Amino acid sequence: MQILHVNPLAGNEWAESLAQHPRSGVFHSIGWAAVLRDTYGFSPCYFIARQNGQIEAALPLMEVNSAFTGKRGISLPFTDACPALTNSREALKATFAEILREGKQRAWKYCEWRGDEETASALGEPIPSQTFLQHRLNLSQDIDALFAGLESSVRRAIRKAEKAGVQIETSTGLQSVKEYYRLHCQTRQRHGLPPQPFRFFSNIHRHLMSQNFGMIVSAIYRGRTIASALFLDSGEEAIYKFGASDFRYQELRANNFVMWAGIKHWAAAGKRVLDFGRTSLKNEGLRRYKLSWGTTENSANYYQYEFRKQAFTTATDSAHGWHNHFFQLLPRPLAILAGRILYRHIA
C-alpha cells in the first residue's frame with residue numbers, strides 16, 4: 001500500500017482519484033479546494049492510498065495555521081460533511097496512520113473529520129467530538145408529491161408569496177452573488193454572527209458557479225431582491241449552502257418561495273437528494289424549519305484526534321453563546337471587518 005500526499009491544485013493525482021469514485025461531491029472537488037486556499041490561505045494536504053496501481057482511498061485535508069488558534073488538519077473547513085472516498089477499510093486505516101504521522105511532524109494540535117462515518121468505522125467507532133443533525137430531502141418524486149410532503153404552513157407561505165407577486169430568478173452571475181451578500185450581512189447580524197468575507201463568495205462564484213457547479217436563487221419584489229439562497233451542485237445531489245433575506249419583507253414569505261424554487265429546479269435537473277446542511281442540536285427553530293420541508297433527519301458526527309493526548313476527544317458546539325448578543329449590537333461595517341479577520345482562524 002502506497003500513501004501519497006498530493007496537492008489537488010497541482011498535478012493530476014487528485015483528479016484521477018475523483019474520477020474513480022462516483023460518490024465524490026462538490027466538497028471533494030478541486031474547485032472547493034481552490035475556494036478555501038484563495039479565501040483563507042489554507043494549505044491543501046490531501047491523501048491517496050494506492051495499491052497495485054489502483055486508488056483504494058482518497059481523503060482531503062486542509063492545514064489551518066493560525067497564530068491565535070493553532071495549527072491543525074481539518075477535513076474540510078467550512079464544509080458540513082466530507083466523507084473519505086474508499087471501498088477498502090484497510091486502505092482507510094493505512095491512510096489514517098499516515099495522516100497521524102504527518103500531523104505529528106507538522107505539529108498539529110488536532111485533526112478533525114466531518115460527517116465521515118466510514119472513517120469512524122475503520123477506526124473502531126471512536127467517540128464523536130460533536131454531533132449535529134443532517135436533513136435531506138428525497139427528490140425522486142414528482143412535484144405534486146413533493147408539494148404534498150410539505151407542512152401546511154409551508155404550502156400556505158409559498159402560495160402567499162405567489163399571490164403577492166414575488167418573482168423568482170436563478171443566476172450564476174457575479175451580480176446575483178453581490179445581491180446575496182447584501183442580504184447575507186443583514187441576516188448574519190440578526191443571528192448574532194459576523195458575515196463571511198465577500199471574497200469567500202466571489203471565490204465560490206469563480207471556482208464553482210462559473211463552472212455550473214452552483215447557482216443563486218433570488219426572490220424579487222417590485223424590483224428589489226428580498227430573499228436569496230446559494231445552492232451547490234454535488235453530483236447526484238444538490239446542497240443548500242446559504243440562505244438570507246430582508247427582514248422588512250418577512251410577511252411575504254420569500255424565503256419559503258426561494259427554497260421551493262430550488263427544490264423544483266434540482267428535481268427537474270434529475271438530482272436524487274437535496275441536502276439542507278448541518279443543524280446544531282441547540283437550534284430547535286432551524287431544525288423545525290428543515291423538517292417542515294419533508295426531510296429525513298439523521299445524525300452527523302465529527303471526530304477530533306488530539307495529538308498531545310494521542311486520543312479522540314470531545315469538543316463544544318460554540319455556535320451559540322455570549323458572542324451572539326455582541327455581534328447583534330456591533331455596527332454592520334465592523335461586523336464585516338470582524339468576519340474578514342476571524343474566519344480564517346476559527347475554520
I'd like to check something: does the range 161-182 contain any residue that is within 17 Å of TRP293 (Cα to Cα) and among the acidic types (Asp, Glu)? no
Would you confirm whether or not the range 37-45 contains a residue that is under 23 Å from the mean Cα position of the chain (by Cα), modelled with pLDDT of 95 or more, open to solvent by less than 20 Å² (accessible area, probe 1.4 Å) and not polar (S, T, N, Q)? yes
Mind checking which helices (runs of 4 or more DSSP H) fall wholly inside the range 91-191 and carry at least 1 residues that are open to solvent by 30 Å² or more (accessible area, probe 1.4 Å) and more than 30 Å from ILE55 (Cα to Cα)? 143-148, 152-164, 174-191
Yes or no: the range 65-78 includes at least one residue that is at pLDDT below 95, closer than 12 Å to PHE27 by Cβ and outside any loop (DSSP other than H, G, I, E, B). yes
Select, from ARG278, ARG288, the only residue that is outside any helix (DSSP H, G or I), closer than 25 Å to GLN189 by Cβ and of a type in the set (D, E, K, R). ARG278
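Restricting the range 280-298 to residues that are in contact with a Lys or Arg (Cβ under 9 Å, 6 or more places away or on another chain) and modelled with pLDDT of 95 or more, which is least open to solvent (accessible area, probe 1.4 Å)?
Per the criteria, the residue is THR295.
Quick grid of which residues meet (1) basic (Lys, Arg); (2) touching a residue at least 60 places away in the same chain (Cβ under 8 Å); (3) assigned to a helix (DSSP H, G or I):
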position	(1), (2), (3)
ILE216	no, no, no
ILE220	no, no, no
ALA229	no, no, no
LEU232	no, yes, no
LYS241	yes, no, no
VAL258	no, yes, yes
GLY262	no, no, yes
Consider GLY235 against the criteria (1) open to solvent by less than 20 Å² (accessible area, probe 1.4 Å); (2) in contact with a Lys or Arg (Cβ under 8 Å, 6 or more places away or on another chain); (3) closer than 22 Å to ASP116 by Cα: it satisfies all of them except one. Which criterion is unmet? (1)
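The values are calculated or read from the model by the stated rules, or taken from the named source; none is laboratory data. Computed from a predicted model, the values in this text were never measured in an experiment. Virtual Cβ from ideal backbone geometry, glycine too; neighbours counted across all protein chains shown. Side chains included, ligands, DNA and RNA excluded: accessible areas come from the protein's heavy atoms. Shrake-Rupley method; radii C 1.70, N 1.55, O 1.52, S 1.80 Å.
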